[in-house]
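This report concerns only the one structure given below.
The values are calculated or read from the model by the stated rules, or taken from the named source; none is laboratory data. Bear in mind the structure is a predicted one, so any value in this text is a computation, not a measurement. Here the Cβ positions follow ideal geometry from the backbone for every residue, glycine too, while neighbour counts run over all protein chains shown.
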Amino acid sequence: MPNRKPNRFASYVYPSLVPESWVTPPRITKASTMLVPDLVTHLARLGELAGESVPVTKTPLPNPKMSKSQEDIFFQIKEHSRHVLFCGTHIIQTRYYGTHKVRAVVLRTGFTTAKGELVRSIMYPKPVDFKFNRDTYIFVGALAAIAGIGFIYTIVLMVQAGEHPSDIIIRSLDLITIAVPPALPAALTIGIVFAQYRLKKQLVYCISPRSINVSGSINTFCFDKTGTLTEDGLDMHSVVPVENDNLDKEYTDLSKVDNDSFISAMATCHSLTRIEGVLSGDPLDLIMFEATGWELIEEGEDSSKFDMIAPTIVRPKSDESRSFDQHFKPLQKEIGIIRQFTFSSSLQRMSVIVRMLGSQHFDLFAKGAPEKIIQLSKPDTVPNDYHDKLMKYTQHGYRVLALAWRQLPAKLKYTKIQRIQREQVEKGLTFLGFLVTENRVKPETTPVITQLRQANIRTVMVTGDNMLTALSVAREIGMVPPKEKIVLVQGYPESGKVEAYIEFVYAEEYKQETSKTGSASIEEVAVDILSRDDGNNFHFAIDGRSWSVVRTHFDDLLQKLCVRGTVFARFSPEQKGQLIETLQELGYFVGMCGDGANDCGALKTAHAGISLSEAEASVASPFTSKKPNIECVPTLIREGRAALTTSSGIFKYMAMYSLIQFLTVCILYW
């Protein structure tokens, strides 16, 4: 890092920033990729890259020196993305200690940033070659060669006949225009023009007319999930607390839940905050907190909450203004959120350390993926019907989160709580139950997917959402038929002396391992699956991390996985583009339908991209639909086929007409 004098700063405009420059967010709202080196928490809106414009909490880098047993940790932008502000991020507020300024250091600028790479992929996409256009150019070249032969033939005949030089030139050039008709380009665009007009009447707008013909050859269509196949928001379905060591009872009304720890977990285990008086945060956290009927209170200014012992307080809504009675006993339940361990995609969980009003100890509440929470919970607190209930909800398309709780030792004081590592407290939990939400599928989705499958057009889901949700939606909309198996492809990178390897696991029976290999033979896996399932079809599902492992260590398997892959979850914008390119290399004509800026690269790379948004995605996409659903997909393919048939028919007619006329004129000249 460059030397700097403490507390001395100067104002610079964005072009002056270079890597290793120190900046003070939030004054830099359009900054390049930045690393947050000091103890500072940011609340940022990451809509331009994540596809969902919701506030996300950015936390300081963990300090490995706090744990003597911990080895040196090297910064990696993907693993530490929770501590990085990416280009395009809008900083809403910052929190800091006392009068210490918020500091960050610039890592990358310009086209090397995440947004810069996205813009570069839009400006310079991989060229798409369409066979009809290529064959058209070849045939026109062949006609030009024939015209050249006829040109020489005419000159020779007329010179021998003693014709006037002006007549020789006119007749010779006339033969060229007969062989290569000048009206051919105009005739080929007739079908495209009429198809574009019909698309406009269906509220599908096109900025690249040459893509209409290509869309008529599409045999594979990729879809984003959130906002494309499903609605944007989430809805609360129910809660299933542990009662009498089982998960029998399901509640849609939380006032009937007689489990204080479960309600407290829902009220505290989130990263919500108030911005200008409005409760803001992740949609899932919002619906979870609002379902409790509690209120969230943040005292003081937004920018200096870390000076307080409890920056955030939650409590049931009440008309009582006092917190204590005359004997200093709490009148109502109040919980202060002392520290947050934010959600990590690698850990698939988040947790908070809280202290109840009048309590002598701290408590920890955690929520996350059920398979992760169950590993941290004490076995005797997990109900026997855990797996059955979990499979019941996930197979019906619901998103399930598990909640857990732990009472921390009384010897842990406030200063120790602020420095403790999450691994030291996220263990020995008491399992509390399930929180069940649903991401409603748009009513137009299932009929369109069925129509595409009946037309032998392959459908693929590529999303940034988690795998379980993607699998359940794929089942619900018919992308994966009920009788066909889903096999999860799980790749694990090198770790110490352990080489990278791949596991194939049934999605329906998560614990049942299909195959495990360091140099997997996809044919052996397929034979194994088909022999177990009496010849039924199967589908591969792979997440972004495993995709990276396969691309790095098992490149020969990549195309084979894409042939049978149907669900691709936790994919970054760059990985979506890589998937489209791989399918194109396999000979597929690929379409892409998405609604977010994170789909821009894939929309531009595909043979035909349809944007359901009029924002950033419409800039990169050749087609934009005013209707925010996928009904435009069959319409585009239908019109593309009509335009392609028209262009092909006109081309054949013009070519045969020219050849016949050329031969007859040559005979007449002779």
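General observations
- Of the residues making up the range 374-404, just one is more than 25 Å from I486 (Cα to Cα), in contact (Cβ under 8 Å) with a residue 40 or more places away in the chain and among the charged types (D, E, K, R), namely K378.
- Any hit, the range 144-154, residues being out of contact with any strand residue (DSSP E or B) (no Cβ under 8 Å at 6 or more places or on another chain), outside any helix (DSSP H, G or I) and without any contact (Cβ under 8 Å) to a residue 24 or more places away in the chain: no
- Flag if S271 is in a loop (DSSP other than H, G, I, E, B), under 31 Å from the mean Cα position of the chain (by Cα) and among the hydroxyl-bearing types (S, T, Y): yes
Conditions tested, residue by residue: (1) of a type in the set (K, R); (2) assigned by TED's automatic domain parsing to the domain that holds P482.
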site	(1), (2)
H396	no, no
L403	no, no
K411	yes, no
K416	yes, no
Q421	no, no
G433	no, no
T445	no, yes
V448	no, yes
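- Restricting the range 230-244 to residues that are among the hydrophobic types (A, V, I, L, M, F, W, C) and touching a Phe, Trp or Tyr at 6+ places or on another chain (Cβ under 7 Å), the residue that is surrounded by the fewest Cβ atoms within 10 Å (Cβ to Cβ) is V242.
- Condition check for R95: at pLDDT below 70 and closer than 28 Å to R349 by Cα: yes
- Check on L488, under 23 Å from the mean Cα position of the chain (by Cα), modelled with pLDDT under 85, under 28 Å from H387 (Cα atoms) and not in a loop (DSSP other than H, G, I, E, B): no
- Any hit, the range 635-646, residues being buried (at least 23 other Cβ atoms within 10 Å of the Cβ) and within 24 Å of the chain's Cα centre (by Cα): yes
- The sole residue among F365, F434 that is closer than 18 Å to T312 by Cα and surrounded by 14 or more Cβ atoms within 10 Å (Cβ to Cβ) is F365.
- Of the numbered criteria (1) without any contact (Cβ under 8 Å) to a residue 60 or more places away in the chain; (2) farther than 16 Å from A541 by Cβ; (3) not hydroxyl-bearing (S, T, Y), the one E426 fails is (1).
- Pairs meeting the criteria (first residue in the range 470-483 and among the hydroxyl-bearing types (S, T, Y) and at pLDDT below 85, second residue surrounded by fewer than 24 Cβ atoms within 10 Å (Cβ to Cβ) and assigned to a helix (DSSP H, G or I), beta carbons under 9 Å, at least 6 apart or on different chains) are S472/Y393; S472/T394; S472/Q395.
- Single unsatisfied condition, P182 versus (1) closer than 20 Å to G148 by Cβ; (2) in a helix (DSSP H, G or I): (2)
- Filter pass, G227 being buried (at least 19 other Cβ atoms within 10 Å of the Cβ), touching a helix residue (DSSP H, G or I) at 6+ places or on another chain (Cβ under 6 Å) and assigned by TED's automatic domain parsing to the domain that holds A602: no
- In this entry, R399 passes the filter for residues that are under 27 Å from the mean Cα position of the chain (by Cα) and of a type in the set (K, R).
- Every residue from the range 199-220 that is loosely packed, with under 15 Cβ neighbours inside 10 Å and either over 18 Å from F132 (Cβ atoms) or outside the structural domain of Q454 (by TED's automatic domain parsing) (or both): K200, K201, L203, I207
- The one condition from (1) modelled with pLDDT of 65 or more; (2) outside the structural domain of T24 (by TED's automatic domain parsing); (3) part of a loop (DSSP other than H, G, I, E, B) that K126 does not meet is (1).
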